[in-house]
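Input: one structure, supplied below.
The values are calculated or read from the model by the stated rules, or taken from the named source; none is laboratory data. Keep in mind the model is a prediction, meaning the values are calculated, not measured. Glycine also receives a Cβ, built like all others from the backbone with ideal geometry; neighbour counts cover every protein chain displayed. SASA here: full protein model, heavy atoms, side chains in, ligands and nucleic acids out. Shrake-Rupley method; radii C 1.70, N 1.55, O 1.52, S 1.80 Å.
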Amino acid sequence: MNFKLGDLVTRISHKHDIIFKIVGVEGNVVFLKGVDLRLYADSDISDLVKVTYSNETDKEIIDANIRDINLDRSQYFYLPGKILHIDGDEEYLERCMNFYKEMNIKANGLVLPEIEIADCIGELLSEYRPDIVVITGHDAYYERKPKMGGNNNYQNSANFIEAVKVSRKYEKSQDKLIVIAGACQSNYEDLIKAGANFASSPKRINIHALDPAIIASSLALSDRNKSIDVIKIIDKTKYGSDGVGGIITNGTMYVGYPRWCCRK
């Protein structure tokens, strides 16, 4: 079977568990990117089959999160927290930015290779002054590699950890700046120790492309004078506490009274 860039495929050896897009071909080796999961992989061309895919997932996730919003708009006005989303993948970022737009949250999005985020994030935080920063992209845990110690068995965890540390040099308080970091199979414990409020992945599993945005939007729409329900927020993500974990903190949304109306 002939394959080309952009084809959607699954792997026979993995029982067709994940849908990938072909992003590169070198001889008989095909390089793959998860359609819904923040995952890179490679495969022998003989292990692949083409599939068709209609993405209704994002709409379902957006609708479910919109239904979960319960704000008294008859008397009060609301100013959600501002988000800076830094992503190593342009397509995933676009999906997340659409999610924020549907949730009526102000967000700025930037694409940066994971290895460059730590070098740039200090200036970006000074420029955009967000309440919440998302640091994500791609990651992977390589069990079959020799144990080298530290984060050498991870594709990008070390880069995410360094970016979190720089963020904490900019703002030490985990209530004044909420940091969400990690991607598929990231080193959850070290990200939390570095200063992230939320991180992936406690069970070293894959996470959905929208999981970081789901966490960020939930925090942006939570009252800054109240502690969040950390379990409820994590349960909104694809795989719950297996994929994402975090600390109890306050939300970032201002609530005001009275609600104003438009005047000519």
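Among the residues that make up the range 148-155, is at least one of them under 19 Å from Asp242 (Cα atoms), of a type in the set (Phe, Trp, Tyr), in a strand (DSSP E or B) and open to solvent by less than 10 Å² (accessible area, probe 1.4 Å)?
No - not one qualifying residue is present in the range 148-155.
Moving on to the next point. Taking the options Ser167, Ser126, name whichever one is in a helix (DSSP H, G or I), touching a strand residue (DSSP E or B) at 6+ places or on another chain (Cβ under 7 Å) and hydroxyl-bearing (Ser, Thr, Tyr).
Only one candidate passes the filter, namely Ser167.
What pairs can you find where one residue is in the range 127-155 and on the phi > 0 side of the Ramachandran plot, the other is open to solvent by less than 10 Å² (accessible area, probe 1.4 Å) and modelled with pLDDT under 90, and their Cβ atoms are less than 8 Å apart, with a gap of 6+ or different chains?
If the second residue must be open to solvent by less than 10 Å² (accessible area, probe 1.4 Å) and modelled with pLDDT under 90, the pairs left are Gly137/Arg38.
Next question, about the same structure. Within the range 75-85, can one find any residue that is open to solvent by less than 40 Å² (accessible area, probe 1.4 Å), under 18 Å from Cys184 (Cβ atoms), hydrophobic (A, V, I, L, M, F, W, C) and under 25 Å from the mean Cα position of the chain (by Cα)?
no
Determine which single condition Asp58 fails, assuming it passes every other condition in (1) modelled with pLDDT of 90 or more; (2) touching a helix residue (DSSP H, G or I) at 6+ places or on another chain (Cβ under 9 Å); (3) more than 20 Å from Tyr254 (Cβ to Cβ).
Condition (1) is where Asp58 drops out.
Applying the selection to the range 12-22, what residues are free of Cβ contacts under 8 Å to residues at least 60 places away in the same chain and open to solvent by less than 30 Å² (accessible area, probe 1.4 Å)?
Passing the criteria: Phe20, Ile22.
May I pose another question? Return the only residue of Val35, Val25, Val9, Val30 being farther than 27 Å from Phe160 by Cβ, surrounded by 11 or more Cβ atoms within 10 Å (Cβ to Cβ), among the β-branched types (Val, Ile, Thr) and in contact (Cβ under 8 Å) with a residue 24 or more places away in the chain.
From the options Val35, Val25, Val9, Val30, the qualifying one is Val9.
List the pairs whose first member sits in the range 213-231 and is within 15 Å of Tyr100 (Cβ to Cβ) and open to solvent by less than 30 Å² (accessible area, probe 1.4 Å), whose second member is of a type in the set (Ser, Thr, Tyr) and part of a helix (DSSP H, G or I), and whose Cβ atoms are under 9 Å apart, counting only residues at least 6 apart or on separate chains?
Ala213/Tyr100; Ala216/Tyr100; Ser217/Tyr100; Ala220/Tyr100
Could you check the range 172-181 and list, in sequence order, the residues that are touching a strand residue (DSSP E or B) at 6+ places or on another chain (Cβ under 9 Å), free of Cβ contacts under 8 Å to residues at least 60 places away in the same chain and part of a loop (DSSP other than H, G, I, E, B)?
The answer is Leu177, and nothing else.
Looking at the range 38-60, which of the residues that are hydrophobic (A, V, I, L, M, F, W, C) and within 21 Å of Gly88 (Cβ to Cβ) is surrounded by the most Cβ atoms within 10 Å (Cβ to Cβ)?
Once the filter is applied, the top-ranked residue is Leu39.
Going residue by residue through the range 63-76, is there one that turns out to be at pLDDT 95 or above and of a type in the set (Lys, Arg)?
Within the range 63-76, none of the residues are at pLDDT 95 or above and of a type in the set (Lys, Arg).
Still on this structure: Kindly establish whether Ala209 is touching a His at 6+ places or on another chain (Cβ under 9 Å) and either surrounded by 19 or more Cβ atoms within 10 Å (Cβ to Cβ) or of a type outside the set (Phe, Trp, Tyr) (or both).
The answer is no for Ala209.
Just checking, how many residues over the range 243-264 are over 15 Å from Ile132 (Cα atoms) and open to solvent by less than 60 Å² (accessible area, probe 1.4 Å)?
The total comes to 4.
Identify all residues within the range 188-209 that are assigned to a loop (DSSP other than H, G, I, E, B) and without any contact (Cβ under 8 Å) to a residue 40 or more places away in the chain; write none if there are none.
Correct list: Gly195, Ile205.
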